[in-house]
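Participant: Handing you this structure, nothing more for now.
The values are calculated or read from the model by the stated rules, or taken from the named source; none is laboratory data. The shown structure was predicted, so the numbers you read here are calculated from the model rather than taken from an experiment. Backbone-built Cβ (ideal geometry, glycine too); neighbour counts: all protein chains shown.
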Amino acid sequence: MTALKAPSRRRRSRGPADGATEPPSPQAGGRVLSLDARRIQNALEARARYKYVHPRVQREGLGWKVVSPNCSRNIDPQGGEIDIAWLVPNNGEGWLLFSRDHAQDCWQMRRREASLPAALAHLCADPDREFWQ
């Protein structure tokens with residue numbers, strides 16, 4: 001006795017025909033990270049230093065990197081874009097805030113905050129000039 005297949009309904013394709021998978025959408029803790037990027041961008045408009053430059057936010061690893069033209073020309077004499085800060089979610093326990101050490105070409109952790117708004121408040125105020133140099 002042979003098994004019979006039930007007639008199948010035609011299904012819409014859910015991905016590439018070659019079996020490749022699409023990259024997962026960026027999520028952390030159930031929330032879409034692009035909303036965090038928008039919150040960061042909005043907060044940067046209220047920063048204390050270099051208000052006349054227009055930084056941008058871009059994806060960097062598990063977090064978001066703030067990049068800005070170097071108008072002071074302290075880092076890049078040509079005034080090109082430089083890394084300012086890197087905000088990384090900390091496994092559901094808040095956020096890590098890094099500044100760029102341009103001399104050593106590495107990121108340095110500056111703050112561990114309970115929330116994104118707290119990290120952004122420190123970044124935008126920049127009382128010790130760790131970010132906007």
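Participant: Within the group Leu123, Leu97, which residue is in contact with a strand residue (DSSP E or B) (Cβ under 6 Å, 6 or more places away or on another chain), in a helix (DSSP H, G or I) and within 20 Å of Asn42 (Cβ to Cβ)?
Facilitator: Leu123
Participant: Since Trp86 meets every condition but one in (1) among the aromatic types (Phe, Trp, Tyr); (2) surrounded by 15 or more Cβ atoms within 10 Å (Cβ to Cβ); (3) modelled with pLDDT under 90, which condition does it not meet?
Facilitator: Just one mismatch for Trp86, condition (3).
Participant: Kindly indicate which of Trp132, Trp64 is at pLDDT below 90 and surrounded by 18 or more Cβ atoms within 10 Å (Cβ to Cβ).
Facilitator: It is Trp132.
Participant: Among the residues that make up segment 24-43, is at least one of them touching a Cys at 6+ places or on another chain (Cβ under 7 Å) and either surrounded by 12 or more Cβ atoms within 10 Å (Cβ to Cβ) or modelled with pLDDT of 90 or more (or both)?
Facilitator: Yes, segment 24-43 has at least one match.
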